[in-house]
Amino acid sequence: MAVYLISYDLNKPDNNYESLYETIKSYEAWWHHLDSTWIIETSSSCQSVSNNIKSHIHSDDNLLIIEVKNNFNGMLPNHAWEYLRKRNY
């Protein structure tokens, strides 16, 4: 399983992005603690995840997907760190 960070800028405020959120939640495991950032755990490739998500956003939106390794730092609540430490990197 791979762990990917998904980050986006949704530039069409009138657009309904509910299908985007449901698509991200459909992966094996997901984490969403920051507004425009998700972390998912999946057996899918980065390209497959990207293609899947692109079908739910507008061409003017921005999307970044990066594979996450067990090397991270920042300022988050304890429960967020606990979740991240339990992932299969």
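The numbers here are math on the coordinates, done by the rules we state, and not lab data. Note that the structure is predicted; figures quoted are calculated from it, not measured. Reconstructed Cβ throughout: ideal geometry from the backbone, glycine too, with neighbour counts over all protein chains shown.
Can you tell me the alpha carbon radius of gyration of the chain divided by the globular rule-of-thumb value 2.2 N^0.38 Å? The partial results should precede the final answer.
Details: Rg = 13.1 Å, N = 89, 2.2 N^0.38 = 12.1 Å.
Normalised Cα radius of gyration, the chain: 1.08.
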- Report relative contact order for the chain in percent, whole number only (criteria: Cα-Cα under 8 Å, sequence separation at least 6). 45 percent
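As an exercise, identify the GluC sites (Glu not before Pro) in the stretch 1-53 lying in DSSP coil whose Cβ has no more than 14 other Cβ atoms within 10 Å. Before the final figure, lay out the partial values.
Numbers: sites: 18, 22, 28, 41; in loops: 28.
Those satisfying the criteria are 28.
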- Convert each backbone phi in the stretch 6-22 into a coupling constant with the Karplus relation 6.51 cos²θ - 1.76 cosθ + 1.60 (shift: θ = phi - 60°), then list the ³J(HN,Hα) values in order as whole Hz, x for Gly and Pro. 10, 9, 8, 10, 9, 9, 10, x, 7, 6, 8, 9, 4, 5, 4, 4, 5
